[in-house]
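Data block below; observations after.
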Amino acid sequence: MAVGAAGIRRATRRGPLLLGPAFVAAIAYVDPGNVAANLTAGSRYGYLLLWVLVVANAMAVLVQYQSAKLGLVTGQSLPGVLGARLGRRSRLAFWAQAELVAAATDIAEVVGGAIALHLLFGVPLPLGGVIVGAVSMGLLSTQNRYGQRRFEYVVVALLAVIALGFLAGLVVSPPSARGVLSGLVPRFDGPDSVLLAASMLGATVMPHAIYVHSALARDRHGRAPDAVSLGRLLRATRWDVGVALVVAGLVNIGLLLLAASGLRGVSGTDSIEGAYAAIVSVLGVGIGIAFAVGLLASGLASTSVGAYAGATIMEGLLHRRVPLLVRRVVTLIPAVLLLALGADPTWTLVVSQVVLSFGIPFAVIPLVAYTRSRSLMGDARNGPRLHAVLVTVVTLVVALNLTLLTLLLTT
């Protein structure tokens, strides 16, 4: 919903009222795919890949702010900007890869929620997937009926549950300070560690979160009517992104540290079910239940945000608006089918994050180009130094993806 300059000035005097869009986008950074990737990395390699999460989270802060900035300055989502500038064939091709990324995201989120219901209540995985989809439709109806602000409240509450559930184990099994410091040194340990690093990157710098954040900022604030109002919105957005991504980053780091300190060397901990059993055995039933509740909240919140992102992609690139609840029903089908066919749920989560990592360049490259464009951004365009940093980020992402592709083809 757009607001006028007077409304923006009143709101920015109460800065916290402008916070929220980044917290919705940040849910994508603590989805079940993150849980699988980070637990697998910690249980197999200890603290080795901690640096990947630190670097990826710093990249995410930069990228998500650029996405929100694009939405505020242009009044359009990133898919909308792309849709207005690409020819028909290019639009369709871009939409196809973006929808593939969104589908991989949705599969991870529904599967993760189904695993949580199975761990907590013994619900069969296919039925759990249906339940997660049904509850997420209820969350999306909150956005439809009461507006984005109420939806943000619900998502922030779920984010708090996720953080408490996933970080509770660190109180019982604190990490080694020496191990943490050693994990900040960039290095790998064979092809499998590179595959996991790509999975962690795909789970941390999320393409669909990049697409949707521009829409979230636009839908909440509208296009700023003057330079003064824009400046206030951008300052508030920097705080919004910084706080939200720090929380999400701490949750991800906490998951890896929990696996490295309490689950290293324990058999079966490279799966979520095995990690849950080990947490219960090593850290106690209470910590295990807290972990499972956090996983359930992660699945419910992230699948709702994923449906929002998919609708944004379709509207911007195909110029077609599909009701969120209808889209939720359609995109639920692949995840439930995979569960019904007996696909390994944890490996499905890890592979989905690898698919996401290949979608990152398609989201980040145009974002970096557009936020440097004077015709689009005017005086708010990125300066040469920031642009150089963002180009470096894109280069690193593409290089890691090429390395991953080479490893997959040669091993």
Fill in: Equivalent-ellipsoid semi-axes of the range 147-287, from the Cα gyration tensor, Å, largest first
36, 19, 14
Worksheet item: Counting Lys +1, Arg +1, Asp -1, Glu -1, what net charge surrounds S373 among other residues with beta carbon under 14 Å of its beta carbon?
Response: +4
Worksheet item: Along the positive direction of the dipole of the range 180-257 (beta-carbon charges: Lys, Arg +1; Asp, Glu -1; about the Cα centre), which of A217, V180, L245 reaches farthest?
Response: A217
Item to complete: Pull out a ≥ b ≥ c, the square roots of the eigenvalues of the alpha-carbon gyration tensor of the range 79-157, then state rounded if a/c is under 1.5, prolate if not and a/b is larger than b/c, and oblate in the remaining case.
Response: oblate
Worksheet entry | 10 Å binning of all Cα-Cα separations within the range 237-282, expressed as whole percents from 0 upward | 26, 38, 20, 14, 2
Response to the item:
For the chain, the longest principal axis of the Cα atoms and the Cα long axis of helix 285-318 enclose an angle in degrees, to the nearest 10, of 30
Discussion item. What is the sum of charges, Lys and Arg at +1 and Asp and Glu at -1, for the other residues whose Cβ falls under 10 Å from the Cβ of S298?
Written reply: -2
Worksheet item: So what's the gap between the Cα centers of the range 325-371 and the range 57-128, to the nearest angstrom?
Response: 7
Worksheet item: Which angle between 0 and 90 degrees, to the nearest 10, do you get for helix 32-45 versus the longest principal axis of the chain when only C-alpha atoms count?
Response: 50
Practice prompt. Keeping all protein chains in place, calculate the accessible area per residue for the range 206-265 (probe 1.4 angstrom), answer in Å².
Written response: 32
Discussion item. Nearest 10 degrees is fine. How inclined is helix 125-146 to the longest principal axis of the chain, computing both from alpha carbons?
Written reply: 30
Response to the item:
the chain: longest segment with zero exposed trypsin sites (Lys or Arg not before Pro), where exposed means DSSP loop plus at most 14 other C-beta atoms within 10 Å, is residues 15-186
Item to complete: Could you check how much of the accessible area of the chain is carbon and sulfur, as a whole percent, using a 1.4 Å probe?
Response: 67
Worksheet item: Using alpha carbon centroids, what distance separates the range 173-194 and the range 232-268, in Å?
Response: 16
Worksheet item: Can you give the relative contact order of the range 219-310 as a percent, counting alpha carbon pairs under 8 Å and 6+ residues apart?
Response: 12
Response to the item:
Each label sits 7 Å from Cα toward the beta-carbon; between A177 and T406 the label points are separated, in nm, by 3.9
Worksheet item: Name the residues of the range 88-112 whose amide N is less than 14 Å from a point 7 angstrom out from the Cα of R320 along the C-beta direction?
Response: 92-93, 95-96, 99
Practice prompt. Pop out the ³J(HN,Hα) list for the range 223-235 in order, Karplus 6.51 cos²θ - 1.76 cosθ + 1.60 with θ = phi - 60°, rounded to Hz; leave Gly and Pro as x.
Written response: 7, 4, x, 8, 5, 5, 4, 4, x, 5, 5, 5, 5
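The values are calculated or read from the model by the stated rules, or taken from the named source; none is laboratory data. Computed from a predicted structure; not experimentally measured. Glycine gets a Cβ as well: all are built from the backbone with ideal geometry, and neighbour counts include every protein chain shown. These accessible areas exclude ligands, DNA and RNA; they are computed on the full protein's heavy atoms, side chains included. Shrake-Rupley method; radii C 1.70, N 1.55, O 1.52, S 1.80 Å.
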